[in-house]
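Bear in mind that the values in this text are calculations on the coordinates, not laboratory data. Values in this document were obtained by computation on a predicted structure and should not be read as measured data. Positions of Cβ are generated from backbone atoms using ideal geometry, with glycine treated the same way; all protein chains shown enter the neighbour counts.
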Amino acid sequence: MTDQEDGAMTSTTQDQDADAERARREELLLPELVAHLRDNRTQLRREWANRITDANLLTAMTPQEVFSEATSVYDNYVGVLETGSVEALQDYARDLSERIVPRGVETDEVVGIVLLLRDVLARSLFEKYHNDFGLLNRVLDAYEPAANRIANTVAVSFVQERERIIRQQADALRELSTPVLQVRERLLILPIIGVLDDQRADQLTEQLLGGIRRHRAKVVVIDITGVPDLDAEVANHLVQTVDASRLMGAGVIITGLSPEIAQTLVRIGVDLTKMNPVGDLQGGIEEAERLLGFTVTRTSADDA
Amino acid sequence: MPDRDVPSEPLRVSILTQGSYLIASIHTALDDGQLLRFQHDLIERIGTQRSRGVIIDVAALDVLDSFGSRTLRDIARMSRLRGAETVIVGIAPELAMSMVRLGLDLDLPTALDLEEGLAYLGSRTGSRTGSRTGARAGGAARPGRPR
């Protein structure tokens, strides 16, 4: 038992020594690697750009643009290998993403080109060190983690930038999404256009209940002619909103249920009859006027 | 119904008389004991004032638990037995949504605010202001006609 422990300890010390030795050698390897990539910049860069074109990536950009971006990425790439800091690359990647996202460049293309560069450079390292297999292994040990980190950074920056743009657009859409309009005294209409998701349904509820209070509404017509589909969750949310409106003393009429929605609702067993469905918006408004005691009459019979 | 509260504590509900209607305003959230005391007081007042309608104003409430909503429903049923219609008014948007989410079905007539509540009782009992001279009109269904 004791012998074994001693043995284990000795080998640990030896491992540590070996680790330190390897680390010292690797410190020298990276500068060598960087120098190699700098010396062969023109050739490697061209090869990379060719591989990008061959793989049909970045088709939204002209070859000149691809080449100039490739140059920047290449220089940043070597910079990261040299300094170990990804910050400059991160900034560049974000900036690049901002330029290329609106042009329809996809995530797989961006990841694809960075992985291509990684392959091109690894291939060139193979060529340079193929005579000394041990050295090649150590060069790759130094190169691979850094290269992976770079690929990671670029992909993450791209995706983050895209998400930021998507969020921005979603915010813009949301602001426009649920108008509450008063068409008669105590009568509101809420036209809803587009897909109703959870978040929009929540917003609808808020707008509707707030609108009832603000306009002292008695009847609200919700028109969903422009809604392509309703799932069970959103439909139930609508029913809840109707119940809440009733608690505030307002009745709800829902109009414009499409054939698809009508079929879906019956199939999934959501009961919307509480919402007083009326075929179309005109019918809904007429019904609401009847409830409120309005009668609309034409002043002249010219166009009757 | 025995009072669970200390009798000397002022009730945080005011019950006012308006013609033949009682108007009860709940000013702050009530605990169970206070609710029961309120119920007791209100049902008693209906008899002594010969009220035909009760309006309970909950505009100041931002929460209502299951006991609270059950008590309101009970009050409405008891009032009916004593000859008065009940309407709940002033439920705020947040309260309305939270009640629906909790599945609290009030199952009671509700109206937007005091004015609407008076109009509703007017249509049910046939007098706009609760004065005793008004004849009973054919009960126009909610929502009532705007004036």
Stokes-Einstein D (µm²/s) once Rh is taken as the Kirkwood radius of the protein assembly as shown over alpha-carbon pairs, at 10 °C in 1.306 mPa s = 55
Whole-Hz Karplus ³J(HN,Hα) for the stretch A:249-258, in order, using 6.51 cos²θ - 1.76 cosθ + 1.60 and θ = phi - 60°, x for Gly and Pro?
-> x, 10, x, 10, 10, 9, 10, x, 6, 6
What is the dipole size for chain A, taken about its Cα centre, with +1 at each Lys and Arg Cβ and -1 at each Asp and Glu Cβ, in debye to the nearest 20?
-> 1460
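Need one value for A:196-206: mean number of C-beta atoms belonging to other chains within 10 Å of its residues' C-beta atoms. Numbers along the way, then the final one.
Working: counts 0, 0, 0, 0, 0, 0, 1, 0, 0, 4, 3.
Across the residues of A:196-206, the mean count of other-chain Cβ atoms within 10 Å is 1.
To the nearest 0.05, what FRET efficiency results for residue B:98 and residue A:214 with a Förster distance of 25 Å applied to their C-beta separation?
Working: r = 20 Å, r/R0 = 0.78.
Plugging the Cβ-Cβ distance into 1/(1 + (r/R0)^6) gives 0.80.
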Note: A:248-256 gets an average of partner chain Cβ contacts (10 Å, Cβ to Cβ) equal to 4
Given charges at Cβ of Lys, Arg, Asp, Glu: the protein assembly as shown dipole, positive-most of A:133, A:44, A:74 | A:74
Relative contact order for the stretch A:93-236, counting Cα pairs under 8 Å that sit 6 or more residues apart, in percent = 22
Filtering chymotrypsin sites (Phe, Trp or Tyr not before Pro) in the stretch A:85-193 by DSSP loop and by at most 16 other Cβ atoms within 10 Å leaves none
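Name the helices (complete DSSP H segments) of chain A with a Cα length along the long axis of 15 Å or more and a Kyte-Doolittle mean of at least -1.0, or state none.
Counting only whole DSSP H runs, the qualifying helices are A:63-83, A:87-100, A:107-129, A:133-177, A:232-247, A:281-292.
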Label model pair residue A:83, residue B:44: point-to-point distance (7 angstrom along the Cα→beta-carbon line) in nm is 8.3
